[in-house]
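Presented below is the structure to which this report refers.
The values are calculated or read from the model by the stated rules, or taken from the named source; none is laboratory data. Note that the structure is a prediction, hence the values are computed from the model and not measured. Every residue, glycine among them, receives a Cβ derived from its backbone with ideal geometry; neighbour counts consider all protein chains shown. Accessible surface areas use protein heavy atoms only, side chains included; no ligands, DNA or RNA. Shrake-Rupley method; radii C 1.70, N 1.55, O 1.52, S 1.80 Å.
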Amino acid sequence: MHRAAHTAVYSCSNIVGPAMIRQCLKCRVPQQLSSRAYSVVPTPRNSEEKEMLHRILRVDHAGEYGANRIYAGQMAVLGRSSLGPLIQEMWDQEKVHLAKFTEILAESRVRPTALLPFWNVAGFVLGASSALLGKEGAMACTVAVEESISEHYNSQIRALMEEDPDRYTELLQVSQPLLYCITYSTC
């Protein structure tokens, strides 16, 4: 318990360092090499479509970032318990999701949300505090977050399908497996 509290305080005090502030102020995502020569996001036809696509990508990235921080908080508290390996497995899946959305943001030249420092702290605190309630609290938090993400992805998929399914085929091919993975824990 004492170790978890120390980890939470130490992590939170080092969250918004000069590098993160510079990154947020410049609104840049670290560039990563991609295996594709093109983005899964089509070139927007107008400013309205550009705004919609950027909003979708920014929100999805923020959600995956927040989920990662929740698992970090849970691991800080329960990492050495019998639940630790399960939380680590779920966290590893979220790391894959976050890496995918970070790659897509960079490819599409979309800035991440300016609220990442907030999600960093809030996600960790939510994860740690739910884990302090025990196994049931941590799992209730995880289920609630994953259900919320599933609903969110479903609504995005519906919106893109209504807009123009052929135009967003590749983006949908990224979103649907992530949704399936989240829903059925099969990453």
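Structural remarks
- Cβ-derived FRET efficiency at R0 22 Å, Asp166 paired with Glu48, nearest 0.05: 0.75
- Estimated at 0.36 nm per residue, the fully extended path between Leu133 and Gln173 surpasses their Cα-Cα distance by 10.7 nm.
- Accessible area ranking (1.4 Å probe, heavy atoms, ligands and nucleic acids excluded), largest first, for His97, His54, His152: His152, His54, His97.
- Note on region 47-186: Kirkwood hydrodynamic radius from all Cα pairs is 15.6 Å, rounded to one decimal.
- Taking every alpha-carbon pair under 8 Å whose residues sit at least 6 apart, region 47-186 reaches a relative contact order of 29 percent.
- Surface per residue (accessible, 1.4 Å probe) for region 47-186, Å²: 49
- Ranking Glu107, Glu147, Glu136 from most to least accessible surface, computed with a 1.4 Å probe over the protein chains only, gives Glu136, Glu147, Glu107.
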